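First comes the structure, then the notes that go with it.
Please treat every number below as a calculation from the coordinates, not as lab data. Quick caveat: nothing in here was measured; it's all calculated off a predicted structure. All Cβ positions, glycine included, derive from the backbone under ideal geometry; neighbour counts span all protein chains shown.
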Amino acid sequence: MKNFSLLLFVLYAVLSISSCQKEPPPSLELSIKEVILTNVDGKGVIEVKSNGKWSVELSGSWFTATPMSGTGDGEIQISAPDNFGNEDKRVTLYVTSRDIKRSARLSQNYSRLEFVAHELSFSKDASSRTFYLTTNTKWQIEIPVGINWISASPLSGDQDREIKLTISANTEGARSADILFKYANTSKVMKITQERAVNSSPAASALKSPVNNLSNANRLPTFRWSASKDPDGDPVKYSIEYSKDQNNWS
């Protein structure tokens, strides 16, 4: 009987001590307050420090968080689809543990690519020119097949860069080409022109009226002739000369 009473007393003491122990106050911290994802293959990580259970909530549907809940310390993997649209994405991520709520901002900019001049003109001589490319995504320069008088360096990248265009000397007529700057799922065009090295003569025009060697012509004749076309595309000027004796022309 004494042994049984002693056992009950010990059990009561253990239960009393256990009931007197307080649950530690909740703690919850996030490693960062903002996650900036690239617009292509956007991924990020938030580390969670906690002594209890926690859950995740997103204010929007563009981003994905994994896992959506956990216990104790852990990691939240953040991802987003490629942003090939025309607006930046912003969402707030909330992590809650009991009465503590922490937040982190998730952001992803849409793909941009800019350069100042959309057309560059070069003289007939060999030369080079540089310009600045501003972007936040992967890009690639594409020169049309067969255009070997233009070269660019570098031809690809994933950030702002200075681009150098080199043009070979021109020994023929005027020439031009469109080079593409590909990025995201679209592209922009830069037109390259180079002046001609030679000047081609226009075709001779033919007199329509009055006919050649006409006698007794109207004292105020109307001159008509066929138009002449310049192979270089230059404007053609016409001049009329006359003579009383076919020796002295005015």
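What chymotrypsin sites (Phe, Trp or Tyr not before Pro) in segment 78-110 are in a loop by DSSP, with at most 15 other Cβ atoms within 10 Å of the Cβ?
In loop regions of segment 78-110 (DSSP not H, G, I, E or B), the sparsely surrounded chymotrypsin sites (Phe, Trp or Tyr not before Pro) are 84.
Between residue 68 and residue 87, what is the label-to-label distance in nm when each label sits 7 Å out along the Cα-to-Cβ direction?
Placing both labels 7 Å beyond Cα along the Cβ direction yields 2.4 nm.
Taking the number of other C-beta atoms within 10 Å as the exposure measure, put 135, 171 in order starting with the fewest.
Arranged by neighbour count, lowest to highest, 135, 171 become 171, 135.
Bin by bin, in steps of 10 Å, what percent of the Cα pairs in segment 40-80 do you find, going until the bin that has the longest distance?
Percent of Cα pairs in each bin: 29, 52, 18, 1.
On a full-extension model of 0.36 nm per residue, what is the gain between residue 123 and residue 178, subtracting their alpha-carbon distance, rounded to one decimal in nm?
Gain on extension, residue 123 to residue 178, equals 18.1 nm.
So who's got an amide H within less than 5 Å of the one on residue 138, skipping anything under 5 residues away but keeping other chains? H placed 1.01 Å off N, in plane.
184
Among 124/191; 22/53; 53/89; 191/229; 22/49; 43/89, which pairs are too far apart, with a Cα-Cα distance over 19 Å?
Violating the 19 Å limit, Cα to Cα: 53/89; 191/229; 22/49.
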